[in-house]
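This is the structure I want to talk about, given as structure tokens.
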Amino acid sequence: MAQRTLARYLTEEQRNKGVITGDLKFLIEIVSRACQAISIAIGKGGLGGVLGEAGSDNVQGEAQKKLDVLSNDILLDANEWGGHLAAMASEEMDLPHLVPNRYPQGEYLLTFDPLDGSSNIDVNVSIGTIFSVLKCPEGADLSTPEAAEAAFLQAGTAQVAAGYAVYGPTTLLVLTVGDGVVVFTLDREQGQFILSQENVQIPADTKEFAINMANQRFWEAPVLRYVTEMQAGKEGPLGKDYNMRWVASMVADVHRIMTRGGIFMYPLDSKLRGQGGKLRLMYEANPMAFLIEQAGGAATTGRQRIMDIQPEKLHQRVPVILGSKNEVERVTGYHAGQV
Ligand code: AHG
Ligand code: MN
Ligand code: MN
């Protein structure tokens, strides 16, 4: 059977199912091309001079790596000319990036984490790109980057597409347009993403959890209870032995859950309370929540479904608990009644 490329998958979603518009198809193809370019740059590693610090900080006060900046530039350059976007927002930019006047403006908004898992770049461990697509509200004020921020402040349920690329032993693109989750593998010789898995389903139960255990002393009671119960294994109240994995690249940890189930937690803790959480709502939590729910899993803060959160700020941070449904529901239950 002929290989199904990303372009073919998107064309079928548009033509046969009417799930996406021609502009959204174009947008996703352009993002995928940018991810290919990022994948090539990553592959060159030290030979391409892409490792190490950029020598600057982003708006969140985090030191930027050269690849954070390069990946951001690749995504901006790829997306600004096509006429499909009204504006873009990124982890690496304080304010939205407006489409320059010399190009036509489209109806979509794109947010991205250009390079996720920055601490893993220099140690040659999997990293990724995360993106989310929203419709630009009619009449939105796009006169200045400051004014444009309001257009982005839409709940995750409003997303029309979301995805991530994982730059691992293979480069994968995992995508949803609200019609299930599909996985594409980059064929490096052809320079094309080829469909490798359709209808991804996350098992409802799991024996694998992902959390940064170094933060244990800062956790809230419900998360501490849940992790303690998992550690108690067969002899404990959950009656089974668990295993732990923590890559420290959200894309890689989420992709393991997409592949074989599991639960991922970056919960609220006493250290993070002032900033609301570690992970960013608009370009980390929401796109991942959309993908996880589309694959039959669940994604909450412990107290609220992530996609129901009404964002207040572009770079807002939230607690994240996602993955296998029954486990997410268990830990959410432990939060019930707690403020
Ligand atoms: P980013 O590299 O985009 O800033 O995101 C890093 C995030 C996420 O990918 C990962 O789950 C988490 O930070 C890792 O945190 P720890 O360093 O606390 O393990
Ligand atoms: Mn990230
Ligand atoms: Mn990042």
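The values are calculated or read from the model by the stated rules, or taken from the named source; none is laboratory data. All values reported here derive from a predicted model rather than from experimental measurement. Note that each Cβ is placed from the backbone with ideal geometry, even for glycine, and that neighbours are counted across all protein chains shown. SASA here: full protein model, heavy atoms, side chains in, ligands and nucleic acids out. Shrake-Rupley method; radii C 1.70, N 1.55, O 1.52, S 1.80 Å.
Calculate, axis by axis, the spread of Cα positions in the range 6-197 along the three principal axes, and write the results as whole Å, longest axis first.
45, 39, 30 Å, listed from the longest principal axis down.
Given a 1.4 Å probe and the protein chains all in place, what does the accessible area of residue 182 round to, in Å² to the nearest 10?
The value for residue 182 is about 10 Å².
Which whole-Hz ³J(HN,Hα) couplings does the range 232-243 yield from phi under the Karplus relation 6.51 cos²θ - 1.76 cosθ + 1.60, θ = phi - 60°, glycine and proline marked x?
Each residue of the range 232-243 in turn: 6, x, 3, 7, x, x, 8, x, 8, 7, 10, 10 Hz.
In square nanometres, what is one fourth of the surface area of the convex hull spanned by the alpha carbons of the range 208-336? Numbers along the way, then the final one.
Working: hull surface 29.3 nm².
Convex hull of Cα atoms, orientation-averaged projection: 7.3 nm².
When DSSP assigns beta bridges and you keep just the ones with both residues in the range 1-110, what percent turn out antiparallel, to the nearest 5? Don't skip to the end; give the middle numbers.
Values: 5 of 8 bridges.
Antiparallel bridges: around 60 percent, rounded to the nearest 5.
Mind checking the dipole of the range 223-327: about its Cα centre, +1 per Lys or Arg Cβ, -1 per Asp or Glu Cβ, Debye to the nearest 20? Display every interim value, and only then the final one.
On the way: 15 positive and 10 negative charges, 34 e Å.
The calculation lands at about 160 debye.
While we're here: Remind me, relative contact order of the chain in percent, using alpha carbon pairs under 8 angstrom and six or more residues apart? Intermediate results must be reported in sequence, preceding the final value.
On the way: 722 pairs, mean separation 51.1, N = 339.
Normalised by residue count, the contact order of the chain is 15 percent.
Percent of alpha carbon pairs in the chain separated by more than 32 Å? Display every interim value, and only then the final one.
Working: 15515 of 57291 pairs.
So the portion of pairs separated by more than 32 Å is 27 percent.
Let me ask something additional. If packing is taken as the average count of other Cβ atoms within 10 Å, what order do 313-319, 8-14 fall into, highest mean first?
On the way: 313-319: 20.1, 8-14: 17.9.
Packing order, densest peptide first, comes out as 313-319, 8-14.
Name the residue farthest towards the positive end of the dipole of the range 208-336 from the options 236, 300, 283, assuming +1 on Cβ of Lys and Arg, -1 on Cβ of Asp and Glu, about the Cα centre.
The one lying farthest along the dipole's positive direction is 283.
Can I ask one more? In debye, nearest 20: dipole of the chain around its Cα centre with unit charges on the Cβ of K, R (+) and D, E (-)? Don't jump to the answer; show the numbers that get you there.
Working: 30 positive and 40 negative charges, 171 e Å.
Taking the Cα centre of the chain as origin, the dipole is about 820 debye.
Given a cut-off of 21 Å, name the pairs among 25/66; 66/271; 278/313; 207/325; 65/135 whose C-alpha atoms lie farther apart than that in the structure shown.
Details: 25/66 30 Å; 66/271 28 Å; 278/313 14 Å; 207/325 12 Å; 65/135 31 Å.
Those over the limit are 25/66; 66/271; 65/135.
Just grab the label-to-label distance for residue 147 and residue 305, each label 7 Å out from Cα along the Cβ direction, in nm (one decimal).
Result: 3.4 nm between the two label points.
To the nearest 500 deg cm²/dmol, what mean residue ellipticity at 222 nm is calculated for the chain from DSSP H runs of n ≥ 4 alone, each contributing -39,500 (n - 2.57), summed and divided by the residues? Provide the component values of the computation, followed by the final result.
Details: 8 runs with 98 residues, N = 339.
Calculated at 222 nm, the ellipticity per residue is -9000 deg cm²/dmol.
I'd like the GluC sites (Glu not before Pro) in the range 132-240 restricted to DSSP loop residues with at most 10 other Cβ atoms within 10 Å, sorted by number. Spell out each step's value before the answer.
Working: sites: 138, 146, 149, 189, 198, 208, 220, 229, 235; in loops: 138, 189, 198, 220.
For GluC sites (Glu not before Pro) across the range 132-240 that sit outside H, G, I, E and B with at most 10 neighbouring Cβ atoms in 10 Å, the list reads 138, 189.
Which one of 48, 333, 87 has its Cα pushed farthest toward the positive end of the charge dipole of the chain, where Lys and Arg give +1 and Asp and Glu give -1 at the Cβ?
333
If you don't mind, another one. Averaged per residue, what accessible area in Å² does the chain show with a 1.4 Å probe, protein chains only? Mind dumping the intermediate values first?
Values: 13900 Å² over 339 residues.
On a per-residue basis, the chain sits at 41 Å².
Using Cα pairs closer than 8 Å and at least 6 residues apart in sequence, work out the relative contact order for the range 208-336, in percent.
Working: 211 pairs, mean separation 35.0, N = 129.
Value for the range 208-336: 27 percent.
In addition: If the chain between residue 2 and residue 17 were fully stretched, how many nm would it gain, using 0.36 nm times the residue separation less the Cα-Cα distance?
Working: separation 15, 0.36 × 15 = 5.40 nm, distance 2.02 nm.
Stretched out fully, the residue 2 to residue 17 stretch lengthens by 3.4 nm.
Still on this structure: Looking only at 174, 99, 19, which one moves most when the chain is put into a Gaussian network model with springs between Cα atoms under 10 Å?
Taking springs between Cα atoms under 10 Å, the residue moving most is 19.
If you don't mind, another one. Take the solvent-accessible surface of the protein heavy atoms, probe 1.4 Å, and return the percent of it on the chain that carbon and sulfur atoms account for. Could you put the intermediate results ahead of the total?
Details: 6770 of 13900 Å².
C and S atoms contribute 49 percent here.
For the range 126-263, with only Lys/Arg (+1) and Asp/Glu (-1) charged at the beta-carbon, what is the dipole magnitude about the Cα centre, in debye rounded to 20? Could you put the intermediate results ahead of the total?
Working: 10 positive and 15 negative charges, 116 e Å.
Here the range 126-263 has a charge dipole of around 560 debye.
With every protein chain left in place, what is the accessible area of residue 303 in Å² (1.4 Å probe, nearest 10)?
100 Å²
Let me ask something else. Taking a cut-off of 14 Å between Cα atoms, list the aspartates and glutamates near residue 17, but don't count ones fewer than 8 places away on the same chain.
179
Would you mind getting me the FRET efficiency between residue 47 and residue 77? Use the beta-carbon distance for r and R0 = 25 Å, nearest 0.05. Could you put the intermediate results ahead of the total?
Values: r = 22 Å, r/R0 = 0.89.
Efficiency at R0 = 25 Å is approximately 0.65.
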